[in-house]
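Taken together, the values in this text are just the output of simple stated rules run on the coordinates, not laboratory data. Quick caveat: nothing in here was measured; it's all calculated off a predicted structure. Heads up, the Cβs are rebuilt from the backbone with ideal geometry, glycines too, and the neighbour counts pull from every protein chain shown.
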Amino acid sequence: MSFLIYDGTFDGLMTAVFESYALKLESPQVYTKDQLGPQLFEQVLEVSSDEEKALRVKTKIKSILGQNGLQMLWKATLSEGAEVGNIVLGVVRYALKTEKNILKDYGHPSVLSLQEIMKKLSRERHRMTAFVRFKLASDQVYYATIEPDFDVLPLISDHFKNRYADQKWMIFDLKRNYGIFYDLRKVIPVEFHNPEAGQSLSVISIEWDETEKEFQSLWKNYFKSTNIASRKNTKLHLQHVPRRYWKYLVEK
Amino acid sequence: MGICHTYTEDGRCVSLLKILLTNHCIYDCLYCVSRKSNNIKRAAFTVDEVVELTINFYRRNYIEGLFLSSGIFKDADFTMERLVKVAKKLRQEHKFNGYIHLKTIPGARDELMREAGLYADRLSVNLELPTSSGLKLLAPDKNHKDMIKPMASIQQDILKFKEEKKLIKSTPIFAPAGQSSQMIIGATNESDLDIIKTSSTLYQKFNLKRVYFSGYVPVLEHQNLPMLGTPVPLVRENRLYQTDWLMRFYQFNPQEIVNETYPNLDLEIDPKLSWALRNRGHFPVDVNKADYHMILRIPGVGVKSAKKIVAARKFGALNLDKLRKLGIAMNRAQHFIACGNHIGISDMDSLTLRQMILQNGKSKFSANFSPQLSLFQ
Ligand code: SF4
């Protein structure tokens, strides 16, 4: 068995797919360095991302699975799952073998896994569009922090850009230590370089707008008033709003 | 509508800021807490207060938009004017692009109704009760005719603006999310057939987007009302919503679900299963051959699953194992399908089968019904 190591980017993964064909590997497996621990006896090959090779693979995929199919494979990598490289590889190999758009062939294990990843991603994406809570700072920028299970910022960017086109906002992923900032024209990625590792936006103090507190408490009151105590149903509630999301929610 | 930004502790979706502009009211509808004769504290928001609250909640991503309704202050026009003002201010002064649902006041001037439609995404005219006789009994000042009239004019405006838009691009869209209505169920002795008849008429005649049902909560001791302490008919409410879904997304005719022979819904099982048990001749359905229409009718198979089945079988015959992998809930479906060498039960009588399914899926059928739950697995 041979292992291909890629750098975690989509182009890197596409390059790895390219190499697996170029080297005619039997049953290749692809991982990032972190995902694959040290190997003693297996053949391990580190692949460096190559734009041209990646493009050739992407073009081929597009011709079989369409633009949407290619997008789907890219999105899957945002899930950061340990097996995602192999799942993408499996789907690509199956598509190349059959020369057919097999994305709805749920009977194939790689396709099924891919679809399951898409489902999880889309659930997490949806949750973030719902649970992001902005706070208005005195500089009139709306700030929010999140810690999503997957790297969903690229997936929610358009949603917030369209919805809040006339206000400046920033959403910061505390887990991955980067954010997106909308400056009324476009969305730009932002990073905070802190000398001390592990520090992130949470330690940077922001001065909030003087109305911020008031609207938070008005919202809390509203939330309380919507509740019908006699119908309390914690199980159902937790199904919709799992506890790990509570920290974002002003009303909690 | 759209995204649920949070959920109440009883599990209901919160996506809109729902505000009653005032609980003052000149009417005396027996089923309503705001009725004139009720001895409660009265209050009212100003137009600006509602606008500020809405825009500030919206910009913080707490809500999708506003659902505004009101008791009736002085007369219909006076009240409706204020509702329209809120919507207009939000759109014009705050460039609000969220969702606005206005509950219109029957009897208000036509121009006000029309203006409302220019700023709101959705307008609703509530029918209040499913039957005219019920309305006469509990709200003698009101009648269905007065409610039908604005529904018809809203529908005409929606069509008219659409036609104009074809010719003149800059024509605004009138109430782009259409109109809806709501009725209280269980306050009078109407049957489910009465309710479904009324709601399907509304869908057909006025092209309504949604009809909402709301189980009556006893608020008053009165000879014309259910006794205080009568439980809110939550399960019935849920069964009605399920029926509504069957009509809108599952290609069912209302008469297939409730009719003169079966005027009321079975509270213990969902209406689709109920239909299937009354129409065993259609089953088992061969999932590899049947058309989409029949796949949709298999108990336990939802719209998403039905689509998946139709897509996946193109790549090879489906068997039970593959169906499970597709994520189809088999506990009910298995009795009603045929695939590969599996053939669903056909010799067991419906009553026994019903009993068996009820016993296997106890938790699914008991407790906790809410219209926001996914209605069919
Ligand atoms: S008109 Fe509306 S608010 Fe007034 S009593 Fe009747 S239902 Fe209640």
Next item on the list: State, to one decimal in nm, how far the label point of A:MET1 lies from the label point of B:ALA43, with both points 7 Å from Cα in the Cβ direction.
Entry: 6.5
Item checked: 0 to 90° range, to nearest 10: angle between helix A:51-77 axis and chain A longest Cα axis -> 50
Note to self: Under the rule a/c < 1.5 gives rounded, and otherwise a/b versus b/c splits prolate from oblate, where does the range B:1-120 land using the Cα gyration tensor?
What the structure shows: oblate
Check: So what is the calculated 222 nm ellipticity per residue for chain B, using -39500 (n - 2.57) for each DSSP H run with n of 4 or more, over all residues, to the nearest 500 deg cm²/dmol?
Finding: -12000 deg cm²/dmol
Next item on the list: Give me a single rounded figure for A:157-164: the average over its residues of other chain Cβ atoms within 10 Å of their Cβ.
Entry: 2
Item checked: Angstrom value of the Kirkwood radius, inverse mean 1/r, which spans all Cα pairs in the protein assembly as shown -> 28.1
Margin query: Give the average, rounded to an integer, of partner chain Cβ atoms located within 10 angstrom of each Cβ in A:124-133.
Written below: 3
Check: If you line up the long axis of helix A:109-131 against the longest principal axis of chain A, both from Cα atoms, how many degrees apart are they, to the nearest 10?
Finding: 20
Next item on the list: List the relative contact order of the range B:25-181 as a percent without decimals, with contacts defined as Cα pairs under 8 Å and 6+ residues apart.
Entry: 21
Item checked: Tensor-based shape of chain B (alpha-carbon gyration tensor, a/c under 1.5 rounded, otherwise prolate or oblate) -> prolate
Next item on the list: Could you tell me whether the range B:157-289 comes out rounded, prolate or oblate from its Cα gyration tensor? Rule is a ≥ b ≥ c as square roots of the eigenvalues, rounded for a/c under 1.5, then prolate if a/b exceeds b/c, otherwise oblate.
Entry: oblate
Next item on the list: Could you please rank B:HIS24, B:HIS5, placing first whichever residue has the fewest other Cβ atoms within 10 Å of its Cβ?
Entry: B:HIS24, B:HIS5
Next item on the list: From other protein chains only, count the Cβ atoms within 10 Å of every residue's Cβ in B:12-18, then give the mean.
Entry: 3
Notebook entry, point to check: By count of other Cβ within 10 Å, fewest leading, how are B:GLU81, B:GLU163 ordered?
Noted result: B:GLU163, B:GLU81
Checklist line | Residue-averaged 222 nm ellipticity for chain A, from DSSP H runs of 4+ at -39500 (n - 2.57), nearest 500 | finding: -14500 deg cm²/dmol
Checklist line | Cα Rg, Dmax (largest Cα-Cα span) when computed across the range A:98-252, Å | finding: 18.9, 62
Next item on the list: Could you work out the local net charge near B:GLU93, counting Lys and Arg as +1, Asp and Glu as -1, over the other residues with Cβ closer than 12 Å to its Cβ?
Entry: +3
Margin query: Please list, by residue number, everything in the range A:93-110 whose backbone N is under 17 Å from a paramagnetic label point 7 Å out along Cα→Cβ of A:LEU45.
Written below: A:93
